[in-house]
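The values are calculated or read from the model by the stated rules, or taken from the named source; none is laboratory data. Computed from a predicted model, the values in this text were never measured in an experiment. Glycine gets a Cβ as well: all are built from the backbone with ideal geometry, and neighbour counts include every protein chain shown. Keep in mind that these areas ignore ligands, DNA and RNA; they rest on the heavy atoms of the full protein, side chains included. Shrake-Rupley method; radii C 1.70, N 1.55, O 1.52, S 1.80 Å.
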Amino acid sequence: MKGITIAILFSASVLFIACGGRSASSPDNDVNPRDTVNVPEGYTGEDSIAYIENAVLKSNISAEDLLGLAEVHSVEDRLFDYNNEEKAEDNPEYAKEHIVTHRDSSALRLVNRIMRMNELVKQNGKANDKLQWAVAVNAAIDTFFVEEPTIRKDQAFEEIERVTSKFSSDTQSEMNFISYIYATLDYYKTIEAYRQWLQAVPKDIRALAQEEYEAWHDLSDARFNLWNDVSYRREWYSMKPLEIEGYYTNLSENRRAELNVERDIILNGKLYKQKGQTVTAKEWEKWIADNSVPEDLDMMEKNDTRIPSDSIVTDRVNTLKTTFARWLKARQDLAAALPKEQGDSYDYLTADMHSRMTGKLEAIIPYDYY
């Protein structure tokens, strides 16, 4: 059975926008978007920064906008051993091992910018803003290597891992936050892979590939939000953030592996055979229902505030269904534009991606929790 036949079980209303934002200039533009917004009287400090960011984010984001806005973040403040003067006074060896070097500062500045820019694009929630974020991250990484020319060109993220480990005391809150950093870096790799794919894909199907990317972006967010807000409600569990970020990292890694398969199908004519059985509409609905119940629900009191409200459950479930239908339609349209054998292979891959969502196939990339 052809994998894409699952598409007929769902309905969806389904433009190519190039990877750019509103500006065609380079990320090195000297105009800081902060300087283009007039802040009303009475706005000071963080309030004025928030006002400016909100004004800039109302329009399409460009990479230079992000680089200009990414001036502050709290990574250092979240690391317990970062400039811990009390420990340093009592322990000279500790002070020696935890001194902030120029190399440390460069790595911290890089991760600050990456995380800050990520927070900005998350506020908009637009797929194309994420592509501009990848461009801005690339520029930030280039700046890092200018500051630290002795570091190999492929070691930027290893430096971030080194410096966060250096100043971490391994408390649960720090491990949770650092897992968020690592998941964000992994997500960048996936968005950058998509950005490069949209440049490499043949022009006649590029608009369809763009639509698939945007649909995947929204579906990915919907899957994560369902798990985070509805099906995983152990708020009292200290490792919840770490486990959720681990889940998100798994999604990112698998999507990159799938993109490699798609590249082989579309660019190299390599055929793909379906690995599992096609998930039916009834099985998909059952998966959603099973995952729309909080963990340990039977252990909660009836009026426990940690039980998600019916309105939240309804919203998250409906968003998941809508975004899934749009993603499936986008992939169906792209498959139809390919030669038959390639289109069939693309359909089979789609069916297997769906099977992995419901746990009926092993992940392409095996994953262990942190």
Ranked by how many other beta carbons lie within 10 Å on average, peptides 331-342, 196-207 from highest: 331-342, 196-207
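Using a cut-off of 12 Å between beta-carbons, work out the net charge of the residues near G276 (Lys and Arg +1, Asp and Glu -1, G276 not included).
That sum, taken over residues with Cβ under 12 Å, equals +1.
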Using a 7 Å offset from the Cα along the Cα-to-Cβ direction at both E86 and D142, what is the distance between the two label points in nm, to one decimal? 4.5 nm
Flagged links, alpha-carbon separation over 20 Å, of K130/K166; K189/K360; K166/K240; K189/K329; K282/K321; K126/K360: K130/K166; K189/K360; K166/K240; K189/K329; K126/K360
If you plug each phi of region 324-331 into the Karplus form 6.51 cos²θ - 1.76 cosθ + 1.60 with θ = phi - 60°, what whole-Hz ³J(HN,Hα) values come out, in order, with x for Gly and Pro? 5, 4, 5, 4, 5, 5, 4, 6
Find the relative contact order for region 108-221 and round it to a whole percent, using C-alpha pairs within less than 8 Å whose residues are 6+ positions apart. 35 percent
Based on the mean of other beta carbon atoms within 10 Å per residue, what is the order of 217-226, 147-156, most packed first? 217-226, 147-156
Keeping the other protein chains in place, figure out the carbon and sulfur percent of the accessible area of region 111-204, with a 1.4 Å probe. 49 percent
With every protein chain present, what is the per residue accessible area of region 110-239 (1.4 Å probe, Å²)? 37 Å²
Quick check: net charge around Y248, other residues with Cβ under 12 Å of its Cβ, Lys/Arg +1 and Asp/Glu -1? -3
Between D154 and E76, Cβ-based FRET efficiency (R0 22 Å, step 0.05) works out to 0.30
